[in-house]
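FYI, it's all coordinate maths here, none of it is from the lab. Values in this document were obtained by computation on a predicted structure and should not be read as measured data. Because the Cβ atoms are built from the backbone with ideal geometry, glycine has one as well, and the counts that use them run over all protein chains shown.
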Amino acid sequence: MNFNGIDFDTYFKHYPDANGYFGKYGGCYISPELKEAMEEITASYFTICKSSKFIAELRKIRKEFQGRPTPISYLERLSNHIGTGVQLYVKREDLNHSGAHKINHCMGEALLAKYMGKKKVIAETGAGQHGVALATAAAYFGLECDIYMGSVDIKKQAPNVARMKILGANVVEVTHGLATLKEAVDAAFDAYSKEYKTAIYCIGSVVGPHPFPMMVRDFQSVIGVEAREQFTGMTGELPDAIVACVGGGSNAMGFFSGFLNDPVEIYGIEPHGRGAALGDHAASLKYGEEGIMHGFNSIMLKDENGEPAPVYSVASGLDYPSSGPEHAFLHDLGRVKYDVINDEETIDAFFALSRLEGIIPAIESAHAVAYGIKLAQTMGKGSVLINLSGRGDKDMDYIIEKYGIR
């Protein structure tokens, strides 16, 4: 499939390029010391992670520990409730061990750390799902684990904080700035710069300096590979559209990668939060401009001084002022359509999926469900496959406190 001059038959051979760029986005904008560490990780990835021994061990872990493959569920009652004839399906990443897609790349990154002889993994987390997944991986491989988390998110995501601690992780509270995901990334990178010889940074999304956007995408691509095979096996055809939420964008990029070369409409959904005013949303691809932060060039939300702007989302895992460089590239290319869903639409979808299908989604994933419902209402026929990136156990207390039981 050729799209705007890009041959998607060979896309993954050429993107990113040798310097970590997807078109003009990506790269590695970091200190010389950390650049040396990134080069070590890149070299290790291309030698270790491409070996049959590594691949066999990771496949065994995914099958016997994670619970892969995760299934696709047909949402019959929700589809009938919408009543347009469009059929909705979800890829059940919420059924992964630890409750979300994050463990797909965390087990890969921790396995790489083991092969590299590292003793510790360091990471940031927003909603806590990445932190729980990495704490799980660290416990599995016998590694030390430091997780940096903003104090705002610690309060919102108390169940996941408890899980991380029970798994043996050291949860480091970040109190400066807005004390959310961006500040957690800042703090984690600062800590890593002091420990990179004995530790590895395990970033939580397809963001950061090269090789992280590529590595995380590749580890997450299992979602798209499985989903494509499962959906065609269930229905005999491809879905008409696929939908995933986008913060940094790891679940989406992994999901999309299985369908980029197919005649399928692809939608990435950002959080519109409380509205269009700066500070009321985290929709960087809709409202942002080109800029560098956390070691990579992408599309980001900026304040009046050109610095990363304050952001907000009801979903702690989506409140990040930029998006992965590959998402920025696919946005400019037009291969993926990026749109927004606000808090109220998200919470309505959260309760609709829970009540009609017995599936309680993560608030992050509910953004994608909300858009899938909205999309189905505009289509006369066909099918929509939604990536349900995580389960909502972590969000229960927050939902009840803020919204009650609807």
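With r defined as the distance between the Cβ atoms of Leu278 and Ser193 and R0 fixed at 30 Å, what FRET efficiency is calculated, to the nearest 0.05? Kindly include the intermediate steps, with their values, before the conclusion.
Working: r = 30 Å, r/R0 = 1.00.
FRET efficiency, Leu278 to Ser193: 0.50.
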| task | Using the structure shown, list the pairs from Lys91/Lys374; Lys35/Lys182; Lys13/Lys182 with a Cα-Cα distance above 23 Å, or answer none. | result | Lys13/Lys182
| field | Dipole of the chain, positive direction: furthest Cα of Gly26, His367, Gly382, with charges on the beta-carbon | value | Gly382
| Debye log10 I(q)/I(0) at q = 0.10, 0.12, 0.25 Å⁻¹ for the stretch 110-211, Cα point scatterers | -0.23, -0.33, -1.38
| field | ³J(HN,Hα) computed for each position of the stretch 333-346 - Karplus, 6.51 cos²θ - 1.76 cosθ + 1.60, integer Hz, glycine/proline x | value | 5, x, 5, 10, 9, 9, 9, 10, 9, 8, 4, 5, 4, 5
| note | What helix-only [θ] at 222 nm does the chain give? Using -39500 (n - 2.57) per DSSP H run of at least 4, over all residues, to the nearest 500, the answer is -13000 deg cm²/dmol
| Under a straight-distance cross-link criterion of Cα-Cα below 17 Å, which lysines are reachable from Lys53, leaving out those fewer than 8 residues away in the same chain? | Lys63, Lys114
| field | Shape category assigned to the stretch 1-84 from the gyration tensor of Cα positions, a/c cut at 1.5 | value | oblate
| For the stretch 386-403, 3J(HN,Hα) per residue [Karplus equation, 6.51 cos²θ - 1.76 cosθ + 1.60, θ = phi - 60°, Hz, x = Gly/Pro] | 10, 8, 8, 6, x, 9, x, 3, 5, 9, 4, 4, 5, 4, 5, 5, 8, 10
| Proximal aspartates and glutamates relative to Lys194, as straight alpha-carbon distance under 14 Å, when same-chain residues fewer than 8 apart are discounted | Glu33, Glu36, Asp146, Asp186
| remark: Using alpha-carbon positions, the gyration tensor of the stretch 31-183 gives root eigenvalues a ≥ b ≥ c; with a/c under 1.5 called rounded, otherwise prolate if a/b exceeds b/c, else oblate, the class is oblate
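What is the diffusion coefficient of the chain in µm²/s, taking the Kirkwood radius over Cα pairs and the Stokes-Einstein relation at 25 °C with a viscosity of 0.890 mPa s? Provide the component values of the computation, followed by the final result.
Working: Rh = 20.8 Å.
D, rounded to a whole number, is 118 µm²/s.
Given 0.36 nm per residue, what is the gain on full extension from Asn170 to Glu40 after removing their alpha carbon distance, in nm? Please report the intermediate quantities before stating the final value.
Numbers: separation 130, 0.36 × 130 = 46.80 nm, distance 2.54 nm.
Once the chain is fully extended between Asn170 and Glu40, it gains 44.3 nm.
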